[in-house]
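Heads up: the structure comes next, in structure tokens.
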Amino acid sequence: MAKLDETLTMLKELTDAKGIPGNEREVREVMKKYIEPFADEISTDGLGSLIAKKVGKDGGPKIMVAGHLDEVGFMITQIDEKGFLRFQPVGGWWGQVMLAQRVTIVTKKGDVTGIIGSKPPHILTAEARKKPVEIKDMFIDIGASSREEVQEWGVRPGDMVVPYFEFTVMNNEKMLLAKAWDNRIGCAIAIDVLKQLQGVEHPNVVYGVGAVQEEVGLRGAKTATYKIQPDIGFAVDVGIAGDTPGISEKEAMSKMGKGPQVVIYDASLVAHKGLRDLVTDTADELNIPYQFESIPGGGTDAGSIHLTHNGVPALAITIATRYIHSHAAMLHRDDFENAVKLIVEVIKRLDRETVDKITFE
Ligand SMILES: [Zn+2]
């Protein structure tokens with residue numbers, strides 16, 4: 001793999017870090033390391049969301065840009081007498097992407113490598129081969145031979161289990177393959193927005209946020225928003241790329257590399273019309289590519305942000321990503337960079353007058 005530049009090094013550290021909902025400490029530390037140099041103040045809320053504040057204009061409108069720290073994974077629930085581990089999915093999983101995949105169990109004694117066990121085809125009947133294995137019947141094998149041995153190694157119910165995958169730059173160097181793009185790319189966008197605002201005049205106060213517990217129902221964004229009380233909220237997250245075989249345009253229209261997605265509708269949010277128009281007008285003016293997306297089944301932290309306090313105009317801006325909620329997902333570096341550029345340009349325009357106009361029109 002080619003030598004990693006500054007941005008790729010940050011993306012590698014963010015995606016390699018391990019953190020399922022409720023276990024975000026390691027990810028929070030990485031995000032903090034990268035965002036702190038560009039923030040005037042760092043804090044956390046009671047659930048552990050990271051909040052980095054950058055003042056452009058004291059008393060100006062408050063703009064929240066939130067990614068989420070957590071990734072989908074599993075939690076150990078039981079250890080059987082032979083040393084196999086039962087687990088609970090945390091976040092949305094499809095059984096077909098799980099069997100025979102390598103995982104890391106984070107214990108109080110350190111990391112333990114495991115694999116989600118599967119049967120070899122040799123012993124499967126023709127009928128069994130056609131049927132997906134149910135998640136409740138799956139187990140993790142860490143190579144232990146008894147419950148006692150598992151316990152000796154430090155594994156306990158409640159420990160998190162994280163997919164294992166190494167950050168990889170592909171042959172086309174714009175294509176990046178990693179675990180946890182959902183939603184470390186959002187954390188990276190929040191970091192780089194604050195970075196690009198260094199030495200730039202902006203008529204507001206910007207909060208770059210790494211929210212906890214998105215994957216179990218947009219929970220951390222609720223409390224972080226309550227603490228910040230923003231005037232405008234952006235959720236930055238992954239979206240669906242519909243550009244692989246078998247996905248029709250009706251299911252998902254977006255393509256990797258064609259610009260950030262402006263989500264007009266999902267199950268958690270109807271995009272705020274005034275904010276949506278400001279974002280697309282800004283992109284049109286500056287020739288920044290973007291694509292519209294609507295996902296009737298999904299949701300982002302914008303779903304929580306907009307329902308906090310008196311209501312907050314909110315929008316989700318997402319990166320078209322292939323294979324999310326599996327061990328490895330793929331996205332295009334240009335989409336990341338264009339998302340940062342677009343949000344920075346929108347922030348420069350969000351003075352009090354514009355925010356009032358958007359909110360009350
Ligand atoms: Zn997700």
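The values are calculated or read from the model by the stated rules, or taken from the named source; none is laboratory data. What you are looking at is a predicted structure, and each value in this text was computed from that prediction instead of being measured. Positions of Cβ are backbone-derived with ideal geometry, glycine not excepted, and every protein chain shown enters the neighbour counts. Areas reflect the complete protein model, heavy atoms only, side chains present, ligands, DNA and RNA absent. Shrake-Rupley method; radii C 1.70, N 1.55, O 1.52, S 1.80 Å.
Summary of computed values
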{"quantity": "Of residues in the stretch 248-267 being open to solvent by 60 Å² or more (accessible area, probe 1.4 Å) and over 18 Å from residue 305 (Cβ atoms), the one nearest to the ligand (Cβ to nearest atom)", "calculated": "251"}
{"quantity": "Flag for residue 216 being touching a helix residue (DSSP H, G or I) at 6+ places or on another chain (Cβ under 7 Å) and either assigned by TED's automatic domain parsing to the domain that holds residue 61 or farther than 29 Å from residue 179 by Cβ (or both)", "calculated": "no"}
{"quantity": "Residue 235 vs. criteria of a type outside the set (Lys, Arg), assigned to a helix (DSSP H, G or I) and within 16 Å of the ligand (Cβ to nearest atom)", "calculated": "no"}
{"quantity": "Hits in the stretch 3-27 - residues which are surrounded by fewer than 21 Cβ atoms within 10 Å (Cβ to Cβ) and under 14 Å from residue 73 (Cα atoms)", "calculated": "16, 22"}
{"quantity": "Flag for residue 126 being surrounded by fewer than 15 Cβ atoms within 10 Å (Cβ to Cβ) and at positive phi", "calculated": "no"}
{"quantity": "All positions within the stretch 274-327 that are of a type in the set (Ser, Thr, Tyr), within 20 Å of the chain's Cα centre (by Cα) and open to solvent by less than 40 Å² (accessible area, probe 1.4 Å)", "calculated": "300, 304, 318, 321, 326"}
{"quantity": "Pairs with Cβ under 7 Å, 6+ apart, first in the stretch 84-98 and under 19 Å from residue 69 (Cβ atoms), second open to solvent by 30 Å² or more (accessible area, probe 1.4 Å) and more than 13 Å from the ligand (Cβ to nearest atom)", "calculated": "89/135; 90/75; 93/135"}
{"quantity": "Test: residue 209 is over 17 Å from residue 182 (Cα atoms) and either open to solvent by less than 10 Å² (accessible area, probe 1.4 Å) or away from the ligand (no atom under 13 Å from the Cβ) (or both)", "calculated": "no"}
{"quantity": "Of all residues making up the stretch 219-258, the number that are under 28 Å from residue 51 (Cβ atoms) and either free of Cβ contacts under 8 Å to residues at least 40 places away in the same chain or not polar (S, T, N, Q) (or both)", "calculated": "18"}
{"quantity": "One residue from 56, 60, 67 being under 20 Å from the mean Cα position of the chain (by Cα) and open to solvent by less than 50 Å² (accessible area, probe 1.4 Å)", "calculated": "67"}
{"quantity": "Residue that is nearest to the chain's Cα centre (by Cα), among those in the stretch 145-189 that are open to solvent by less than 10 Å² (accessible area, probe 1.4 Å) and more than 16 Å from residue 9 (Cα to Cα)", "calculated": "183"}
